[in-house]
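The values are calculated or read from the model by the stated rules, or taken from the named source; none is laboratory data. For clarity, every value in this text was computed on a predicted model and none was experimentally measured. Here Cβ is always computed from backbone atoms with ideal geometry, including for glycine, and neighbour counts include all displayed protein chains.
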Amino acid sequence: MHMQLLLIDMNDSNRWSRFFAIASVILLFTSVTTPSIAFEPSANPDFGSNSRDYWPTEGWLNTTPEEQGMSSNRLQEMIDHIAEEDLDVHSVIVIRHGYIVLEEYPDPWQGVSRTQSFNGTHYLYSTTKSFSSCLIGLAIDNGYIDNTSQTMLSFFPNHTIAHLDERKERVTLRDLLTMRSGLPWDETSAPFNSPENDVYQLNFNSSGGVQYVLDLPMEYEPDEVWHYNTGASHLLSGIIQETTGISTLDFAEEHLFDPLGIDPFYWQTDRLGVYYGGFDLQLRPLDMAKFGYLFLNNGTWDGEQVLSSSWANESTSTVTTLSGQRGYAYQWWTMPDLGVYYTAGLYGQYIFVSPEDDLVAVFTSGYGSDDPDENPSMFRNYILDAVTDRQADLPLDFLLPVVVIVVPVLVVVGVVLRIRSNRLQT
């Protein structure tokens, strides 16, 4: 009886030793070959312009969320949250695979004086900046601008520039696009209606907004410090006007608004007739979604390459990482942890684009200056969470620590059992 138990114990030990050895090898192999991505779409991996069955030039089509792999219950929970918290959200639109799955106007009249325009349009505020970036790309595509390495001053040969130094001479178009020009800017220390606010000067300075920005003394080396600068965005509009010979609005209408079927549209100018590059474009929310959809499709629209795919990708790729969840590209904000890029405007105006989920979302709002802007968190926690056909994967940065701890333990246990087995055999 004792001998029988001994043989069983020995067999078990050998079996467990082999098991732990094999498990160690499998875990080690998995840690090396597992891709470092948090989520991977499991359905319709061929997202893009070639797989579209229609284009929303004349209007969007609607389906249920479930038809496009999203949860209507989760999206409804977001609408309920907006109502329960009395959030000043005017519109929220979600588009997946090119179809509207949610179009709601929870409270279109709160904060109207701050944000609503007329004829159904909405002030975009700083979401305008992303449109200005797009127009720069279109000017490059059409040969009006050579590249983003051109210097800022080369676009304004007829201007006499104050505070001129070698740093200002080195500022490039790319520096303006990325908010790394080195020019000073302050639009937060004083109210917008105060002459101490740079946005006020952009509006009312007698020399015009472009000249006002060009005359500012340099604060940093170019491409050294990220500093949010609406004046730099206004220079983009000035560059469009200088290089194309027509107004920024006329250029946008010909090369962007008309191809996408965006209408109506309104835009305002500074005192010298230059359209504001950093704010005051006015569009309908459904047309805002078309702009996001153009980028989602890498610049393609209904068989035409409206915007080069290289610009669509370059201009929305993170240049400056501000935090794990926030970065900045060419007048676009980014969520580096999610592969999302988005526009952002004062009082809650957003266009979110998630290429991985083939999704565009739009918010327009009338938040007050003291109200919490929950739109980015609602996009993360409700809209992205409503996607049901996304396959979760453990990221490499999670697996590696686990493997580092588990594999040595398994090896040690295997060795101990092997030694014990050898002893029992003797």
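General observations
- Condition met for Pro222 (free of Cβ contacts under 8 Å to residues at least 60 places away in the same chain, at negative phi, buried (at least 19 other Cβ atoms within 10 Å of the Cβ) and of a type outside the set (A, V, I, L, M)): yes
- In the stretch 242-262, of all residues being of a type in the set (Val, Ile, Thr) and assigned to a loop (DSSP other than H, G, I, E, B), the one that is surrounded by the fewest Cβ atoms within 10 Å (Cβ to Cβ) corresponds to Ile246.
- Given (1) assigned to a loop (DSSP other than H, G, I, E, B); (2) hydrophobic (A, V, I, L, M, F, W, C); (3) touching a Gly at 6+ places or on another chain (Cβ under 7 Å); (4) surrounded by 21 or more Cβ atoms within 10 Å (Cβ to Cβ), index of the condition Trp311 fails: (1)
- A count restricted to the stretch 275-292 and to residues that are surrounded by fewer than 23 Cβ atoms within 10 Å (Cβ to Cβ) and either touching a helix residue (DSSP H, G or I) at 6+ places or on another chain (Cβ under 8 Å) or part of a loop (DSSP other than H, G, I, E, B) (or both) stands at 3.
- Extreme residue, farthest from Tyr105 (Cα to Cα), among residues of the stretch 265-289 that are out of contact with any Asp or Glu (no Cβ under 9 Å at 6 or more places or on another chain) and free of Cβ contacts under 8 Å to residues at least 60 places away in the same chain: Gly273
- Test: residue in the stretch 291-300 that is over 24 Å from Arg96 (Cβ atoms) and not aromatic (Phe, Trp, Tyr): no
- Exactly one residue among Phe131, Phe204, Phe155 is buried (at least 18 other Cβ atoms within 10 Å of the Cβ), under 30 Å from Pro264 (Cα atoms) and of a type in the set (Phe, Trp, Tyr), and that residue is Phe131.
- Options Thr300, Thr316: the member that is in the same structural domain as Pro355 (by TED's automatic domain parsing), closer than 24 Å to Trp185 by Cβ and either of a type in the set (Val, Ile, Thr) or out of contact with any strand residue (DSSP E or B) (no Cβ under 8 Å at 6 or more places or on another chain) (or both): Thr316
- Residue check for Ser206: touching a residue at least 40 places away in the same chain (Cβ under 8 Å), of a type in the set (S, T, N, Q), at negative phi and assigned to a loop (DSSP other than H, G, I, E, B): yes
- Selection count where residues are within 18 Å of Pro106 (Cα to Cα) and either touching a Pro at 6+ places or on another chain (Cβ under 9 Å) or among the hydroxyl-bearing types (Ser, Thr, Tyr) (or both), scope the stretch 367-384: 3
- Remark: pairs (first residue in the stretch 162-178, closer than 23 Å to Ile140 by Cα; second residue buried (at least 16 other Cβ atoms within 10 Å of the Cβ) and of a type in the set (D, E, K, R); Cβ separation under 7 Å; 6+ apart in sequence or on different chains) = Asp175/Asp223.
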